[in-house]
Amino acid sequence: MELNGKVSLRTAIDKAFEDIGIDLATAGIGAVSSYLLGELFTLVDLPGGLEGVTTSAAGAVIGQIAFNLLNSGEPIRNAAGEILKDATGKNIARTWSTGINLNLVANAAGSFLGSFLASKLVKFDTIGGQIGASFGSAALAAGAVWLFNPGTLFLNFAIPFAGAFIGFLLGGLIGSLFGGTPRARADVVWDAADGQFEVDNAYARKGGSRSTARSLAEQAAAVYNNVLDSVGGRLLDAGAVSAGTYGLYKSRYSYGRDYGVRFKTADELINHGTFIGLNGIIDRLAGGDVYAKRAILATLQNAAASADNQFSAETLLGSIDTAKAMANI
């Protein structure tokens with residue numbers, strides 16, 4: 001099979017992969033150097049945007065040096081594939097510093113700032129959107145430089161900046177169409193054998209964090225179990241208690257198996273869920289410390305009567321301890 005009537009498909013594939021070893025080595029060195037530089041600049045404590053620009057520019061220089069060293073001595077070619085020659089007609093060979101100039105730094109800085117600014121304007125919650133945004137910014141930044149072949153320092157900054165900015169938004173939008181919605185949840189259930197609340201049915205899809213959902217449910221279960229331990233007594237008809245389902249939907253914390261109630265913070269979620277669960281528990285507690293039960297009931301009633309339900313599980317546990325201490329005076 002021939003492409004354009006000149007080159008066979010096999011030849012084209014062989015040509016595309018003939019430098020795969022060098023390409024992988026260069027990419028690996030670039031990735032490691034970018035990581036190490038990022039850690040170094042984190043220690044220096046530069047502002048976020050400045051740290052990213054510095055890391056990108058320094059990483060581009062180191063990556064170019066690595067590429068030069070791996071291809072040292074080979075003739076340099078222009079965009080048309082022609083070998084460049086000096087004034088005497090000799091081939092210009094690649095050295096460690098070939099291509100290292102302000103244009104390279106401007107290109108890297110423009111690419112980073114374009115995607116950085118776009119990420120501040122639009123956040124993609126889905127895995128597909130995030131991958132698409134990352135790929136799109138890199139692809140369009142590189143494609144814009146190849147297409148327009150900027151010749152000045154300003155254009156070497158402006159063109160990749162625009163390409164990365166547009167690519168981030170466009171790639172993220174396309175990726176969001178196919179990536180699905182990251183979500184995860186876990187139930188708090190009553191374990192009759194152990195006589196306490198435990199976590200069950202942890203579930204995650206489309207990149208959602210099962211471990212985070214489980215951790216949230218464990219926090220709620222710990223509140224219930226601490227209350228039961230503090231009060232004593234016996235929980236009747238525990239299966240009827242709405243202990244809750246805790247999780248995440250996109251970047252929000254969620255309550256319910258349908259992720260229907262969402263919050264900005266984990267504390268808001270835990271307080272919401274345990275308020276519901278504790279109202280069911282207090283009605284089913286037989287026996288136990290009377291003062292602790294009064295403290296729980298008063299805290300729940302005060303929260304329900306407030307305009308925006310200012311219930312706090314942490315405050316509740318403190319009120320129980322205070323009530324029990326006062327009873328022993």
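By the count of other C-beta atoms within 10 Å, a proxy for reagent exposure, 56, 119 are ordered fewest to most as 119, 56.
Dipole size of the range 183-327 about its Cα centre, with +1 on Lys/Arg Cβ and -1 on Asp/Glu Cβ: approximately 660 debye, rounded to the nearest 20.
Report the full-extension gain for the segment residue 153 to residue 321: residue separation times 0.36 nm, less the Cα-Cα distance, to one decimal in nm. Before the final figure, lay out each step's value.
Working: separation 168, 0.36 × 168 = 60.48 nm, distance 6.75 nm.
Taking 0.36 nm per residue and subtracting the Cα distance, the gain is 53.7 nm.
The label-point distance for residue 200 and residue 267, in a model that sets each label 7 Å from Cα toward Cβ, rounds to 3.2 nm.
Values quoted throughout were computed directly from the atomic coordinates according to the rules given, and no laboratory measurement underlies them. Remember, it's a predicted structure, so these values are computed and weren't measured experimentally. In this analysis, Cβ positions are derived from the backbone assuming ideal geometry, glycine residues included, and neighbour counts consider all displayed protein chains.
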